[in-house]
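Student: There's a structure below that I have some questions on.
The values are calculated or read from the model by the stated rules, or taken from the named source; none is laboratory data. In this text the structure is predicted, and so the values were computed from the model without any measurement. So basically every Cβ, Gly included, is an ideal-geometry build from the backbone, and we count neighbours across all protein chains shown.
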Amino acid sequence: MKILVIGSGAREHALCWRLHQSQSVWGLFCAPGNPGIAQIANTVPIAMSDASALIDFAKKNAIDLTVVGPDDPLAAGIVDQFQDAGLKIFGPTRAAAQLEASKWFAKEVMRSAGVPTAESAIFTEVEAARKYVREHGVPIVVKADGLALGKGVTVCADIAIADAAIVDALERKRFGESGARIVIEKFLAGEEVTLFALCDGTDAVPFGLFQDHKRIHDGDVGPNTGGMGAYSPLPQFATDVEARAMREIIVPTVAAMKARGTPFKGLLYAGLMVDGTDIKVVEFNARFGDPECEPLMMRFDGDLAQTLLAAVEGQVMNANVALSPRSAVTVILASDGYPGEYRKGVPIFGLEKVEGDTPSELKVKWAMKKIRVKVFHAGTALKDGKIVTAGGRVLAVTASAPVLPAAVEAAYEAAALIDFEGKQMRTDIARRALVRSPETI
Ligand code: AMP
Ligand code: GLY
């Protein structure tokens, strides 16, 4: 197969890395890609938003399957356009991608399907929203209805913060049209996990359980980011969490989407809050999560192109979604200032120490312990032949090992070898699992 991947981050690098190793793939393209992706795929300088140029490219190059990474092109209807042009593409249609692009749409689907989620209401007027907050009390969560680059959610510890979030979205238009409607919902206590389900419009199969680390600083403090690290599997949870979430959440959601005439094909990302035996939906995304996709690609060693094609062709029940029992951990190296303003163009040093051919004691140690280390590029660029920073999240340093502690140790050993001015990372990725379940790992 000839495959085209759309996107330019670490998620797309991880997808390309696995596709590159798929037996059925003999041509791999990525638009627009990044310098890491360029080492294994042909990068194509077409913007992700330029659907007609992408369709042209796919036709001219006889692409067998296109795989969409990010949410924006999905919400804009890239899948519908490819399908109209007679091309195969992995991802939901514009109507189905509303599960991510409109929080209220997701709430309505969940309500109709009986899927557990926080009680909520939608508002366009400041006064009505303020009244709801006072009736329900704090903590409470205020969310822009539409896509807001992960910044549209405010968890409000007191009424003043809630009022400010309401005014910010509805009056100051901080999120533009995305925040013209806000959803206000009950605060859910518990531990967050991410479940991936591969869906073909009718059926769904689980494709990994992960824990992301959304806050910028250790101990889950500071502002929300796109995700500062992730790992899988999660030894601290009962083995039935995944099966229950499939049964209570994914299966009814996929059935409700089909019944509405907007069947969901692609990767359904369920952000879940687990509190004892209680599992509730925090959010749906209509795509692979980033960084969750990076540990997934380390644990999945099947032919990814065949697996994704099975979903496109309505054959998900026959797809290979088996994951290795190994543990995988991703630590994100981010630019100084992220998730706020940050510099770009800062030189990155030490990548060759992790991935080059030069032998080192660490590499010998990793080999002896059956550890695999891979650095996925998130926001990098080439400047005068050198790799420099080009985004808030810069690199996704990923390791897999037979047991979680070894994977964590190796990811941090590799992260320490790489340096750039202003590098910031969390030092506690996967700590919850390490602390809570030493007997099981
Ligand atoms: P979302 O974009 O909906 O995933 O929200 C971003 C983050 O805000 C989530 O990952 C949670 O950490 C937090 N969050 C969202 N909704 C709730 C809620 N109802 N209760 C507690 N935390 C929430
Ligand atoms: N890791 C969170 C996301 O992809 O939305």
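Student: Just checking, does the stretch 320-330 include any residue being in contact with a helix residue (DSSP H, G or I) (Cβ under 8 Å, 6 or more places away or on another chain) and within 14 Å of ligand 2 (Cβ to nearest atom)?
Tutor: yes
Rundown of residues vs (1) more than 16 Å from ligand 1 (Cβ to nearest atom); (2) closer than 12 Å to Arg18 by Cβ; (3) of a type outside the set (Ser, Thr, Tyr); (4) surrounded by 23 or more Cβ atoms within 10 Å (Cβ to Cβ), yes/no style:
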site	(1), (2), (3), (4)
Arg287	no, no, yes, yes
Glu294	yes, yes, yes, yes
Met297	yes, yes, yes, yes
Phe300	yes, yes, yes, no
Leu308	yes, yes, yes, yes
Val312	yes, no, yes, no
Ala322	yes, no, yes, no
Gly356	yes, no, yes, no
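Student: Follow-up question, since we're still on this one. If you check Val155, Val251, Val167, Val193, which single one turns out to be among the hydrophobic types (A, V, I, L, M, F, W, C) and under 19 Å from Ala433 (Cα atoms)?
Tutor: Val193
Student: Looking only at the stretch 358-393, filter to residues that are surrounded by 14 or more Cβ atoms within 10 Å (Cβ to Cβ) and among the polar types (S, T, N, Q); which one of those is nearest to Tyr338 (Cα to Cα)?
Tutor: Out of the qualifying residues, it is Thr389.
Student: Let me ask something additional. Which of the numbered conditions does Glu12 fail, given that it passes all the others? Conditions: (1) touching a residue at least 24 places away in the same chain (Cβ under 8 Å); (2) of a type in the set (D, E, K, R); (3) surrounded by fewer than 24 Cβ atoms within 10 Å (Cβ to Cβ).
Tutor: Unmet condition: (3).
Student: Keeping to the stretch 325-381, report how many residues are more than 15 Å from Ser400 (Cα to Cα) and polar (S, T, N, Q).
Tutor: Residues flagged as more than 15 Å from Ser400 (Cα to Cα) and polar (S, T, N, Q) within the stretch 325-381 amount to 4.
Student: Among the residues of the stretch 127-147 satisfying the criterion of being of a type in the set (A, V, I, L, M, F, W, C) and surrounded by 17 or more Cβ atoms within 10 Å (Cβ to Cβ), which is farthest from ligand 1 (Cβ to nearest atom)?
Tutor: Applying the filter and picking the extreme gives Ala129.
Student: Looking for something within 30 Å of Ala58 (Cβ to Cβ), among the basic types (Lys, Arg) and touching a residue at least 24 places away in the same chain (Cβ under 8 Å) - is there at least one such residue anywhere in the stretch 137-152?
Tutor: no
Student: With the checklist (1) of a type outside the set (Val, Ile, Thr); (2) at pLDDT 95 or above; (3) crowded, with 18+ Cβ neighbours inside 10 Å in hand, flag the one item Glu108 doesn't pass.
Tutor: Going through the list (1) of a type outside the set (Val, Ile, Thr); (2) at pLDDT 95 or above; (3) crowded, with 18+ Cβ neighbours inside 10 Å, Glu108 breaks only (3).
Student: In the stretch 163-191, what residues are within 10 Å of ligand 1 (Cβ to nearest atom) and either under 18 Å from Thr253 (Cβ atoms) or among the basic types (Lys, Arg) (or both)?
Tutor: Selection gives Val183, Glu185, Lys186, Leu188.
Student: Let me ask you something else. How about the stretch 275-313: which of its residues are among the small types (Gly, Ala, Ser) and away from ligand 2 (no atom under 16 Å from the Cβ)?
Tutor: Within the stretch 275-313, Gly276, Gly302, Ala305, Ala310, Ala311 qualify.
Student: OK, next. Quick one: which residue in Thr124, Thr154, Thr194 is polar (S, T, N, Q) and within 16 Å of ligand 2 (Cβ to nearest atom)?
Tutor: Thr194
Student: Next question, about the same structure. Looking at Arg426, Arg436 in this structure, which one is at pLDDT 95 or above and within 23 Å of Val221 (Cα to Cα)?
Tutor: Within the list Arg426, Arg436, the selection yields Arg426.
Student: Tell me, which residue of the stretch 214-236 that is touching a helix residue (DSSP H, G or I) at 6+ places or on another chain (Cβ under 9 Å) and crowded, with 16+ Cβ neighbours inside 10 Å is farthest from Lys374 (Cα to Cα)?
Tutor: Residue satisfying both the conditions and the ranking: Gln236.
Student: Continuing with the same structure: Mind checking which pairs have a first residue in the stretch 224-238 that is more than 18 Å from Val153 (Cβ to Cβ) and of a type in the set (S, T, N, Q) and a second that is more than 9 Å from ligand 2 (Cβ to nearest atom) and modelled with pLDDT under 90, Cβ under 6 Å, 6 or more apart or different chains?
Tutor: Cβ pairs passing all conditions: Gln236/Arg436; Gln236/Ser437.
Student: Another one. Assuming Ala319 fulfils every condition listed in (1) at pLDDT below 95; (2) over 30 Å from Lys386 (Cα atoms) apart from one, which condition is it?
Tutor: Tallying (1) at pLDDT below 95; (2) over 30 Å from Lys386 (Cα atoms), Ala319 fails exactly one: (1).
Student: Looking only at the stretch 85-107, which residues are under 15 Å from Phe57 (Cα atoms) and more than 20 Å from the chain's Cα centre (by Cα)?
Tutor: Ala85, Gly86, Leu87, Lys88
Student: Taking the condition β-branched (Val, Ile, Thr), part of a strand (DSSP E or B), away from ligand 1 (no atom under 16 Å from the Cβ) and at pLDDT 95 or above, does Val205 pass?
Tutor: yes
Student: Could you tell me whether any residue of the stretch 234-250 is in contact with a Cys (Cβ under 7 Å, 6 or more places away or on another chain), closer than 29 Å to Asp72 by Cβ and not in a strand (DSSP E or B)?
Tutor: The answer is no, given that none of the residues of the stretch 234-250 is in contact with a Cys (Cβ under 7 Å, 6 or more places away or on another chain), closer than 29 Å to Asp72 by Cβ and not in a strand (DSSP E or B).
Student: What number of residues in the stretch 272-317 are in contact with a Phe, Trp or Tyr (Cβ under 6 Å, 6 or more places away or on another chain) and in a strand (DSSP E or B)?
Tutor: So the count comes out to 1.
Student: Of a type in the set (S, T, N, Q) and either part of a helix (DSSP H, G or I) or modelled with pLDDT under 95 (or both) - does that describe any residue in the stretch 366-380?
Tutor: No; the residues of the stretch 366-380 include none that is of a type in the set (S, T, N, Q) and either part of a helix (DSSP H, G or I) or modelled with pLDDT under 95 (or both).
Student: Now for a separate question. Is it the case, given these coordinates, that Glu283 is in contact with a Ser or Thr (Cβ under 6 Å, 6 or more places away or on another chain), within 16 Å of ligand 1 (Cβ to nearest atom) and within 24 Å of Glu12 (Cα to Cα)?
Tutor: no
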